[in-house]
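Undergrad: So that we are looking at the same thing, I have put the structure below in structure tokens.
The values are calculated or read from the model by the stated rules, or taken from the named source; none is laboratory data. Source: prediction; values computed, not measured. In this analysis, Cβ positions are derived from the backbone assuming ideal geometry, glycine residues included, and neighbour counts consider all displayed protein chains.
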Ligand code: NAD
């Protein structure tokens with residue numbers, strides 16, 4: 001947990017509620033650090049239940065305000081397009097803000113934010129296409145039709161690894177469908193989402209449509225989930241927190257979308273282009289220093305290419321340039337905070353004690369004197385599916401590589417996990433590609449690529465990786481209530 005403080009010397013970030021910057025009711029702030037250098041970047045308001053209550057009320061007022069409620073769908077779409085343009089205009093500032101806050105490479109952030117406006121454009125295009133059906137029931141004396149109505153106030157809770165992108169996956173469809181929102185960003189990355197809320201209003205959305213309460217999960221986050229005024233929780237984060245939220249909302253019959261953790265397999269067959277697959281394995285697991293839900297952290301290589309793949313992966317992992325995320329030539333930034341670095345180190349030590357061999361990496365570093373929370377890209381071998389390093393999400397630059405002999409064997413190994421977010425397959429056999437796509441229990445399957453993503457393409461985790469869909473047209477169902485109307489003619 002970041003340290004709390006009552007100091008006001010550093011730049012202070014306040015809650016964004018009802019279009020205004022609002023002081024925390026308890027008067028407390030907490031520090032946000034640059035994980036590459038440990039410097040304090042700013043302090044953010046420590047939200048509590050009364051801040052959340054204020055935000056939910058503001059969002060409810062905005063939901064019922066004719067300026068929003070009666071806005072035509074075409075105009076809603078237009079506001080989303082304006083927001084897309086503002087994000088594009090401010091992309092460099094947003095990319096730097098996020099890179100400083102969570103340590104992701106600025107280069108990587110620029111790439112990610114270049115695609116962010118597409119999400120708003122996509123949902124802008126859908127805004128005037130949300131429609132119901134006329135149902136031809138057998139009773140000719142009645143007319144039956146369905147409509148899709150907005151839910152109300154959506155509570156959104158997001159993690160620190162991609163704050164703007166993951167918030168957008170919720171915000172764009174929620175606004176497109178006519179809802180309003182209260183967002184609780186991660187306590188490690190409050191700044192970019194607060195800035196996004198300002199841009200939302202600059203785009204012309206009425207105040208209160210989007211509110212941000214910063215603070216800790218156990219306080220502001222819990223208060224948001226508990227609040228009786230929300231119609232839905234849309235959460236992205238760990239499976240552990242997601243499970244607690246699921247239990248809470250189930251008892252209240254509240255809608256929820258839960259995007260959770262992963263331990264994704266990346267499978268290299270003997271017929272694959274091994275050089276290409278090795279690059280895919282590297283990018284699949286070490287992007288964002290391994291802090292992505294879709295990280296391909298379990299690699300299965302066919303026995304015939306195991307040695308070659310391992311050599312290529314270990315050699316590249318050992319030469320990845322670690323350092324300042326703001327520099328263009330840096331290839332790996334820090335973990336987002338000290339506890340995360342310690343968690344990764346703890347897992348590698350656990351792996352060693354379980355019998356794993358560290359082929360490369362396996363140690364923390366301060367990033368050549370920067371003083372931050374870096375960990376070297378790590379390749380583990382002599383591992384098997386019963387080890388905790390293979391079963392549990394590490395969320396760091398650590399990959400476990402295992403050999404296999406047959407397709408049936410690797411399907412069984414890959415599916416032997418509580419997670420099911422994504423899977424990669426590297427093969428030049430088209431029939432095998434289709435078979436694997438069908439047999440793997442994961443919401444997204446990539447063949448001869450990894451990490452491809454689009455606002456147009458829906459995704460949904462299998463098993464403990466989540467509930468509900470994000471992206472694509474199907475998301476509209478997640479943010480609307482179906483109503484069936486019968487009229488006696
Ligand atoms: P986390 O679960 O610790 O926190 C996520 C958010 O939940 C934070 O804002 C936190 O403050 C809040 N929170 C914590 N406890 C809460 C509670 N009791 N009630 C309400 N809110 C609470 O996750 P994290 O460490 O921030 O993020 C990393 C995790 O997110 C990884 O497991 C990763 O796989 C997952 N993730 C999933 C996706 C996806 O799309 N499936 C995307 C990115 C990250």
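Undergrad: Tell me whether region 273-290 contains one or more residues that are away from the ligand (no atom under 15 Å from the Cβ) and part of a strand (DSSP E or B).
TA: no
Undergrad: For region 221-247, give me each residue that is touching a strand residue (DSSP E or B) at 6+ places or on another chain (Cβ under 8 Å) and either within 8 Å of the ligand (Cβ to nearest atom) or not assigned by the TED database to the domain that holds residue 57 (or both).
TA: Within region 221-247, 221, 224, 225, 235, 236, 237, 241, 242, 245 meet the criteria.
Undergrad: Return the residues of region 207-220 that are more than 14 Å from the ligand (Cβ to nearest atom) and crowded, with 21+ Cβ neighbours inside 10 Å; say none if nothing qualifies.
TA: 208, 209, 210, 211
Undergrad: Could we say that residue 192 is surrounded by fewer than 24 Cβ atoms within 10 Å (Cβ to Cβ) and either more than 18 Å from residue 479 (Cβ to Cβ) or at pLDDT 95 or above (or both) here?
TA: Criteria not met by residue 192.
Undergrad: Sort out which residues of region 248-262 are part of a loop (DSSP other than H, G, I, E, B), touching a strand residue (DSSP E or B) at 6+ places or on another chain (Cβ under 8 Å) and more than 8 Å from the ligand (Cβ to nearest atom), and write them in order of number.
TA: 254 - this is the single residue of region 248-262 that is part of a loop (DSSP other than H, G, I, E, B), touching a strand residue (DSSP E or B) at 6+ places or on another chain (Cβ under 8 Å) and more than 8 Å from the ligand (Cβ to nearest atom).
Undergrad: What's the number of the only condition in (1) near the ligand (Cβ under 9 Å from one of its atoms); (2) crowded, with 24+ Cβ neighbours inside 10 Å that residue 268 fails to meet?
TA: Unmet condition: (1).
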